[in-house]
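For reference, the structure is listed below as structure tokens.
The values are calculated or read from the model by the stated rules, or taken from the named source; none is laboratory data. Everything quoted here is computed from the prediction, not taken from an experiment. FYI the Cβ positions are ideal-geometry reconstructions off the backbone, even for glycines, and counts take in every protein chain you see. For the accessible areas, the whole protein counts, side chains as well, though only heavy atoms, and no ligand, DNA or RNA atoms are used. Shrake-Rupley method; radii C 1.70, N 1.55, O 1.52, S 1.80 Å.
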Amino acid sequence: MSWHICGKLDRVNAIWLLFSREIGMDVFRIEGPVRLSGTVTVNGSKNASLPIMAAAVLTPGKSVLKGAPQLSDISVFSQLLTDIGCKVATGPNGDISIDSTTIGKPVGEYDIVRRMRAGICILGPLLARMGKAEVSMPGGCAIGYRPVDIHLRGLRELGAQINLENGYIVADARRGLRGGEIFLGGPFGSTVLGTANIMMAATLTKGTTVIESAACEPEIADLANCLNTMGAKITGIGSPRLTIEGVKELKPFEYEVIPDRIEAGTFMAAAVITRGCLHIHNCRLKDLMAAVALLRGIGVTVEAENTGCIVACSGKTRPADITTQPHPGFPTDLQAQFMALLALAEGNSVIIEKIFPDRFMHVAELSRMAADLRKEGSTVIVSGVNKLIAAPVMASDLRASAALVLAGLAAEGTTIINRVYHIDRGYEKIEERLNPVGAKITRESD
Ligand code: EPZ
């Protein structure tokens, strides 16, 4: 890059590129502002695919998951299953087959679980199938403190012995698990993966288990529906009270995962922040009612279409207040993306993060792009500005990095996003999905 063509901003970008380039770490270069227009298609749900892959462990035989997205988290989960003895293969059409006939080592290694917390959800299936399991405690996370105490409480109530040794959860249920009434609520409401773990373990448990304050997320409903195709007896799906009648054995599944509602919500936010118009295919509005109601409330058009919806926004939006809650409330996984779009609204918005009170790594980065944000504890006041200005920024976690991409689409100039691997965890080749509808995103790899 020759100096004489660099303006002051480009010189900063150039220096950033020079020094921030971490070996092997992709960087996004985003030209803005753009207006998105056209059709995008939503992939299968990451957060439904991961626990469903764990469900394959419940029974010997070959299960097939259809429609799972090709993401680094899915590959890491495949590695975790391979590690315990499963044979995992991805077909030419993306179908993932998991043969769990042989489970040689019921151990979820630290090196894998530390990279992907969802690894914790092999604990329940392994315990139910093998009568014992060792799974690494997940460890730290950029979005805040994320204990697994409720998972362990639930498994203990099913009769498991649980100890912590060298950073590993050592679970023993060789005398078998027994059904019972389990309250799974916590300080922030229900737990998604906690519900997944207990529900899966309960499918092979003697007697009937009732989970009270179960998570109602569509991903949990999808997992329950998949388990029922395997021969499980689960009722109350989609409600906070799940009843699971234990069965002796299950059979492998062949199951198509639901669309990714968080990816769909991210595309909606992309249409709004660029004042564009997107047809979003393979999107279920019923899974996103809180976000849709908010968008309509700030003056955005959101209309259902045969396999999805149309989202259109022609000018400045009104402000709005957001409080994140368990489903069907406003999803915490859309908080960052909606903060980016409200940064360009007409007026002040208040965002309260009730699920992960520290989930604000994007605030400092969006402020670098001239967003006017004031953070107080787990509340951020967003004062709408007329424009965002491009800058070099750093991705810190999956959804924060999605918010930075959206801000880059709307900002004036060239935004450089470092550590793009965060976004690859949850969005499959996002630049190849958005560039055809008007984005100008270049991935630069070392
Ligand atoms: C799932 O994480 C999702 N991950 C997260 O999405 C999502 O943000 C979260 O649910 C909330 O919707 C997957 O599905 C793989 P929780 P999970 O247990 O299950 C507290 C993304 O961006 N808690 O529902 O780990 C916890 O600290 C990811 O795709 C306990 O206190 O979240 C949090 O404050 C990020 N003790 C709250 O409950 C426990 O034992 C909700 O967490 C468990 C949780």
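Annotations
- Candidates per trypsin sites (Lys or Arg not before Pro) in the stretch 169-218, loop by DSSP, up to 11 other Cβ within 10 Å: ARG174, ARG175
- Protein accessible area in the chain, 1.4 Å probe - carbon and sulfur %: 53 percent
- With the convex hull drawn over the C-alpha atoms of the stretch 104-190, the volume per residue is 96 Å³.
- Whole-number percent relative contact order across the chain, with pairs defined as alpha carbons under 8 Å at least 6 apart: 21 percent
- The listed residues HIS151, HIS281 rank as HIS281, HIS151 when sorted by accessible area, largest first, using a 1.4 Å probe.
- Aspartates and glutamates with Cα under 19 Å of LYS248, excluding same-chain neighbours fewer than 8 positions away: ASP172
- Two-decimal log10 I(q)/I(0) for the chain, as the Debye equation yields it once each C-alpha is a single scatterer, q = 0.09, 0.14 Å⁻¹: -0.58, -1.28
- Computed E for ARG174/LYS286 - FRET, C-beta separation, R0 35 angstrom, nearest 0.05: 0.25
- Cβ-Cβ FRET estimate between THR41 and ASN386, R0 fixed at 41 Å, reported to 0.05: 0.80
- Working note: Cα gyration tensor of the stretch 328-417, eigenvalues times five, square-rooted, sorted largest first, giving semi-axes of 19, 15, 11 Å.
- The stretch 232-280: trypsin sites (Lys or Arg not before Pro) falling in loop per DSSP and having at most 16 other Cβ within 10 Å: LYS248
- Looking at the chain, the DSSP beta bridges with both ends there are about 75 percent antiparallel.
- Close amide H partners of GLU254, meaning residues 5 or more places away or on another chain with modelled amide H under 5 Å apart, are VAL64.
- Percent of beta bridges antiparallel (DSSP, the stretch 166-249, rounded to nearest 5): 70 percent
- Helical content alone sets the calculated 222 nm signal of the chain at -9000 deg cm²/dmol, taking -39,500 (n - 2.57) per DSSP H segment of four or more residues and averaging over every residue.
- Bridge orientation summary for the stretch 177-323: considering DSSP beta bridges with both residues in this region, about 85 percent are antiparallel.
- Partners for LYS316 among aspartates and glutamates (Cα-Cα distance below 15 Å; same-chain residues under 8 apart left out): GLU346
- Whole-Hz ³J(HN,Hα) from phi, Karplus 6.51 cos²θ - 1.76 cosθ + 1.60, for the stretch 99-110, glycine and proline x: 9, 10, 4, 10, 10, x, 9, x, 10, x, 5, 4
- Potential lengthening between SER314 and THR101 on full extension [0.36 nm per residue; Cα-Cα distance subtracted]: 71.2 nm
- Nitroxide proxy distance, nm - points 7 Å out along Cα→Cβ at GLU412 and ASP149: 5.0 nm
- Computed label-point distance, nm, for sites ALA293 and ASN348 using a 7 Å Cα→Cβ extension: 2.4 nm
- Of the cross-linked pairs LYS132/LYS233; LYS105/LYS429; LYS105/LYS354; LYS132/LYS251, those separated by over 29 Å at the C-alpha level are LYS105/LYS429; LYS105/LYS354.
- Working from Cα pairs under 8 Å separated by at least six residues, relative contact order for the stretch 122-240 is 25 percent.
- Measuring only protein heavy atoms, the 1.4 Å probe finds VAL40 accessible over about 10 Å².
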